[in-house]
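Below is one structure; the comments refer to it alone.
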Amino acid sequence: MKRRDFFKTMVVGGLVSGTMLQRQAFAGTQTMPWEWVNKQGKTTDVAGTPLQFMPTMKDANPLVDELKKFPRCPYCGMARGHEKWRKTRHLIHYEDDSVDPTCSIHCASLSLALNLDRVPKAIYAADAGSDLEMPPLVEVKNLQYVIDSTKMGTMTRRRKWAFADAAKAKMAAGSTGEPVDFDNALLAAYVDTAEDTIMIRKRRAEKRRKGKM
């Protein structure tokens, strides 16, 4: 072997060995994200960790006196029982009994995205087809959503209302709406998030500006 090739082999071999040792050392001390989060929650303030986004309200029976206990959406501040938003309200009940009550599937999608290590025990949405003044919450697995880009929704340009009655969902869809299940409605909410966020920020900035005039 030529001397130059010998030294080249030694250098490359040393780099590979060093990299392997670093990986082995890292593997021995690596902490999984959820372990780190749990540790921070026990030893320090939750600010700067995902715990700051996690719901702190716990309730084994969140549907009992739901609006009295959870009157507002924690993500946008809107009143969930208001006549404009009562038909679109959602509620996520996680497996540790923590509750995230939202005004819409838009804000519910934020909760699900931020709470990656929490498994929902149940997800509820208002039955927009109900004849009651205050539409009841129903598990989303028993609902059919109607996505309609020609109508405004809550926190979104594209309406996403849920119906317990398939016939009412079909009627609501008409010629412009599309009936889908919850998973596809949630996907649509994520797809719309960028444009919806820009829209909401502009609207709120304008309202603040007018309030100061």
Those residues of region 160-213 that are in contact with a strand residue (DSSP E or B) (Cβ under 7 Å, 6 or more places away or on another chain) and in a helix (DSSP H, G or I) come to a total of 11
Considering residues of region 74-103 that are more than 17 Å from residue 159 (Cβ to Cβ) and touching a Cys at 6+ places or on another chain (Cβ under 6 Å) only, the residue surrounded by the fewest Cβ atoms within 10 Å (Cβ to Cβ) = 75
So which residues in region 58-77 are within 15 Å of residue 90 (Cα to Cα), hydrophobic (A, V, I, L, M, F, W, C) and assigned to a loop (DSSP other than H, G, I, E, B)?
-> 63, 64, 70, 73, 76
Flag if residue 178 is more than 19 Å from residue 113 (Cβ to Cβ), at pLDDT 95 or above and surrounded by 10 or more Cβ atoms within 10 Å (Cβ to Cβ) | yes
Within region 158-187, residues among the hydrophobic types (A, V, I, L, M, F, W, C) and in contact with a Lys or Arg (Cβ under 6 Å, 6 or more places away or on another chain) come out as 185
Any chance you could count how many residues in region 152-195 are farther than 21 Å from residue 123 by Cα, hydrophobic (A, V, I, L, M, F, W, C) and within 17 Å of the chain's Cα centre (by Cα)?
-> 1
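Do we have residue 135 as farther than 25 Å from residue 201 by Cβ and at pLDDT 95 or above here?
yes
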Please verify whether region 181-194 includes one or more residues that are of a type in the set (A, V, I, L, M, F, W, C), surrounded by 24 or more Cβ atoms within 10 Å (Cβ to Cβ) and within 30 Å of residue 32 (Cβ to Cβ).
-> yes
Inter-residue pairs, beta-carbon under 8 Å, first farther than 12 Å from residue 107 by Cα and in region 61-83, second basic (Lys, Arg) and assigned to a loop (DSSP other than H, G, I, E, B), 6+ apart | 67/80; 70/80; 71/80; 81/89
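Every residue, every condition in (1) under 16 Å from residue 188 (Cβ atoms); (2) without any contact (Cβ under 8 Å) to a residue 12 or more places away in the chain; (3) surrounded by 20 or more Cβ atoms within 10 Å (Cβ to Cβ), yes or no:
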| residue | (1), (2), (3) |
| --- | --- |
| 107 | yes, no, yes |
| 111 | no, no, yes |
| 114 | no, no, no |
| 118 | no, no, no |
| 126 | no, no, yes |
| 131 | no, yes, no |
| 136 | no, yes, no |
| 142 | no, no, no |
| 145 | yes, no, yes |
Is it true that residue 141 is assigned to a strand (DSSP E or B) and in contact with a helix residue (DSSP H, G or I) (Cβ under 9 Å, 6 or more places away or on another chain)?
-> no
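The values are calculated or read from the model by the stated rules, or taken from the named source; none is laboratory data. Keep in mind that what you see is a predicted model, and the values were worked out from it rather than measured. Ideal geometry is used to build each Cβ from the backbone, glycine not excepted, and the neighbour counts take in all protein chains shown.
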